[in-house]
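Enquirer: Quick one: the structure is below, questions incoming.
The values are calculated or read from the model by the stated rules, or taken from the named source; none is laboratory data. Everything quoted here is computed from the prediction, not taken from an experiment. Cβ atoms come from the backbone with ideal geometry, glycine included; neighbour counts cover every protein chain shown. Calculation scope for accessible area: heavy atoms of the full protein, side chains included, ligands and nucleic acids excluded. Shrake-Rupley method; radii C 1.70, N 1.55, O 1.52, S 1.80 Å.
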Amino acid sequence: RLGRRLAYAEVYLISEGRTDTIAHATGINAYQVDNGLLIDTDLLLRLRLRADARGGPDGHHDLHTALALVQGPPFSNLREAGWNWLFEGERHDEYAKVAIADIALTVATHALANNDLLKARSAAILATEAAPDEEATRLCLIRTTEAEGHHTQAARMLRDDVCNRSDDDNAPPELSERTKTIIRNHAWLAS
């Protein structure tokens, strides 16, 4: 998973800690990276930018390569009691979720247009795992399920996972205009 690989980014921080400037300043064994560190999130974002610049089949290849880096929710396999800085200040984990979902949705949409249902399902599932709370990822998975011919299952998913979804004991939130338009355009609730 992107998170797993990021959890092991520490391997690249080969230093005794005790000799680093930050360790001397704080009195705490710590690692300091002076020349930058390329982790898989950086690579994923670079591939996404290159895909946008190249376009066409080469761009799609870059997006597939970017998705190959992802094996689950970002930063989900961090070592215990480590990486606390990740959840303070700038939320790199949230940026990664959005980037993964965006790339996966692009790949799934392209795959659906080319009737490549296996690739569409794989990308839709990855998008949903990366950003499970996003309506767009849920709608993509529903669209893929429908394209596979599982109309009853797609309708159930739409009702349970989008329209009647509630993350707490309160009533389901109002659907966004974009979601309503997508549902209307696909005539998913016609029955």
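Enquirer: Is it the case that Gly82 is modelled with pLDDT of 90 or more and part of a loop (DSSP other than H, G, I, E, B)? Steps first, please.
Expert: Working: modelled with pLDDT of 90 or more: no; part of a loop (DSSP other than H, G, I, E, B): yes.
So Gly82 fails the test.
Enquirer: Here is a follow-up. I'm trying to understand the selection: among the residues of the range 109-133, which are more than 13 Å from the chain's Cα centre (by Cα) and either assigned to a helix (DSSP H, G or I) or aliphatic (A, V, I, L, M) (or both)?
Expert: Listed by number, the residues that qualify are Thr109, His110, Ala111, Leu112, Ala113, Leu117, Leu118, Lys119, Ala120, Arg121.
Enquirer: Would you call Leu117 open to solvent by 40 Å² or more (accessible area, probe 1.4 Å), touching a residue at least 12 places away in the same chain (Cβ under 8 Å) and under 23 Å from Arg143 (Cβ atoms)? Before the answer, list the steps.
Expert: Values: open to solvent by 40 Å² or more (accessible area, probe 1.4 Å): yes; touching a residue at least 12 places away in the same chain (Cβ under 8 Å): yes; under 23 Å from Arg143 (Cβ atoms): yes.
When the stated conditions are applied, Leu117 passes them.
Enquirer: Out of curiosity, is Lys97 part of a helix (DSSP H, G or I), in contact with a helix residue (DSSP H, G or I) (Cβ under 6 Å, 6 or more places away or on another chain), under 20 Å from Ala136 (Cβ atoms) and open to solvent by 80 Å² or more (accessible area, probe 1.4 Å)?
Expert: On the way: part of a helix (DSSP H, G or I): yes; in contact with a helix residue (DSSP H, G or I) (Cβ under 6 Å, 6 or more places away or on another chain): yes; under 20 Å from Ala136 (Cβ atoms): yes; open to solvent by 80 Å² or more (accessible area, probe 1.4 Å): no.
In short, no.
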